[in-house]
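Notes to accompany the following structure.
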Amino acid sequence: MNPSVVYVLFLLLIKYISDKYGNSDDFAPPATIPKGASFKDMIALKGMDAELSALMARRDKTRDLKHAMMQELLTGRTQLL
């Protein structure tokens, strides 16, 4: 199943739980959905998946590069002057 679809379904489930049990004293939903939130708002959020994936890939690439540079310095193969 497409991760975006799973994300939207999860948000809908959280909204359902919040709406159903939001006023209950014995149950606290895992997240609260603001009043007036709609399905369109949730759909708009799913577009962030690609942006977040790109940022995480960039972070991972930078982390790997930093690790490789530290290995070069720590092994003595590269020296700073």
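The values are calculated or read from the model by the stated rules, or taken from the named source; none is laboratory data. All values reported here derive from a predicted model rather than from experimental measurement. Counting neighbours? That spans all protein chains shown, and the Cβs are built from the backbone with ideal geometry, glycine included.
Take the conditions (1) exposed (fewer than 10 other Cβ atoms within 10 Å of the Cβ); (2) modelled with pLDDT of 75 or more; ASN2 misses just one of them, which is (2).
Residues in segment 5-38 that are at pLDDT 70 or above, in contact with a helix residue (DSSP H, G or I) (Cβ under 9 Å, 6 or more places away or on another chain) and aromatic (Phe, Trp, Tyr): TYR7 alone. Just one residue in the set MET56, MET48, MET42 is in contact with a helix residue (DSSP H, G or I) (Cβ under 6 Å, 6 or more places away or on another chain), modelled with pLDDT under 95 and aliphatic (A, V, I, L, M); that residue is MET42.
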